[in-house]
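The values are calculated or read from the model by the stated rules, or taken from the named source; none is laboratory data. This structure is a prediction, so every number in the text was calculated from the model and none was measured. Cβ atoms come from the backbone with ideal geometry, glycine included; neighbour counts cover every protein chain shown. To get the accessible areas, we keep the full protein, side chains included, count just its heavy atoms, and leave off ligands, DNA and RNA. Shrake-Rupley method; radii C 1.70, N 1.55, O 1.52, S 1.80 Å.
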Amino acid sequence: MSWRSERIWIEFIRGSRKISNFCWAFILFLGSLGFLLVGTSSYLGADLISLFPSQQIIFFPQGIVMSFYGIAGLFISSYLWCTILWNVGSGYDRFDRKEGIVCIFRWGFPGKNRRIFLRFLMKDIQSIRIEVKEGIYARRVLYMELRSQGAIPLTRTDKNLTPREIEQKAAELAYFLRVPIEVF
């Protein structure tokens with residue numbers, strides 16, 4: 001989602017609150033809870049889950065391993081739920097031709113660097129760069145190349161745009177910023 005006028009371009013960046021992340025966190029939570037319950041039922045000798053009679057799973061080594069996988073899965077699931085709750089990675093890119101300033105803002109993890117805010121002068125922008133890597137894991141990323149600081153990614157690495165979409169986005173942004181496009 002973006003908003004554009006003649007002098008200002010604001011692009012809102014979607015963070016970790018995506019349907020796929022909700023699904024993965026929920027599936028991982030349920031699966032790890034199931035593993036933990038099966039491991040616990042083998043230790044107690046009681047059927048906590050009716051599908052798996054406790055007599056069929058011996059506590060050592062199967063029950064211990066299932067309990068370990070359940071606990072590890074709950075930790076990973078809680079990490080995913082926290083990134084969703086904090087909406088890590090969300091923010092905006094703001095290009096202001098009127099003031100000649102580029103602002104990049106992202107939300108990070110709680111703590112000292114929770115708010116990530118970068119500010120540059122438009123005159124320091126050297127070019128818009130498209131990096132394309134084709135193959136099994138195709139990757140297309142749009143960068144803003146700065147004279148003294150290097151390259152700053154403008155698209156998420158997990159957001160795989162089609163070649164046409166990335167070219168169109170790069171062309172529109174380069175035209176707006178009045179800088180050239182580089183392809184790598």
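Using a 1.4 Å probe over the heavy atoms of the protein chains, calculate the carbon and sulfur portion of the accessible area of the chain as a whole percent. Don't skip to the answer; put the middle values down first.
Numbers: 7470 of 11910 Å².
Within the chain, the accessible surface is 63 percent carbon and sulfur.
From zero up to wherever the largest Cα-Cα distance of segment 20-86 sits, split into 10 Å bins and tell me the percent of pairs in each.
Bin by bin from 0 Å, the calculated values are 25, 43, 23, 9, 0.
Please work out the FRET efficiency for the pair SER148 and PHE109, using the Cβ-Cβ distance as r and a Förster radius of 22 Å; give the result to the nearest 0.05. Provide the component values of the computation, followed by the final result.
Working: r = 28 Å, r/R0 = 1.27.
Between SER148 and PHE109 the formula returns 0.20.
Using only Cα positions of the chain, each an equal point scatterer, no hydration layer, compute I(q)/I(0) via Debye at q = 0.08, 0.11, 0.14, 0.15 Å⁻¹ and quote the log10 values to two decimals.
For the requested q values the scattering log ratios are -0.43, -0.65, -0.84, -0.91.
About its Cα centre, what dipole magnitude does segment 1-90 give when the only charges are +1 on Lys and Arg Cβ and -1 on Asp and Glu Cβ, stated in debye to the nearest 20?
380 debye
When only C-alpha pairs under 8 Å and at least 6 residues apart count, what is the relative contact order of the chain, in percent?
Across the chain, relative contact order equals 17 percent.
Tell me the mean residue ellipticity at 222 nm calculated for the chain from its helices only (DSSP H runs of n ≥ 4, each -39500 (n - 2.57), averaged over every residue, nearest 500).
After summing the helix terms and dividing by the residues of the chain, the value is -12000 deg cm²/dmol.
Hey, which aspartates and glutamates would be in cross-link range of LYS169, C-alpha to C-alpha under 16 Å, not counting anything within fewer than 8 residues on its own chain?
Partners found: GLU11, ASP93, GLU131, GLU145, GLU182.
Where a ≥ b ≥ c are the square roots of the eigenvalues of the C-alpha gyration tensor, would you call segment 119-182 rounded, which needs a/c under 1.5, or, failing that, prolate if a/b is larger than b/c, or oblate?
It comes out prolate by the Cα gyration axes.
Calculate the spin-label point distance for ILE136 paired with GLU99, positioning each point 7 Å from the Cα along the beta-carbon direction, and give it in nanometres.
4.7 nm
Between ASP124 and LEU85, what is 0.36 nm times their sequence separation minus the Cα-Cα distance? Round to one decimal in nm.
Numbers: separation 39, 0.36 × 39 = 14.04 nm, distance 3.55 nm.
Net length gain for the segment: 10.5 nm.
Relative to 2.2 N^0.38 Å, what does the C-alpha radius of gyration of segment 92-146 come to as a ratio? Two decimals please.
1.44
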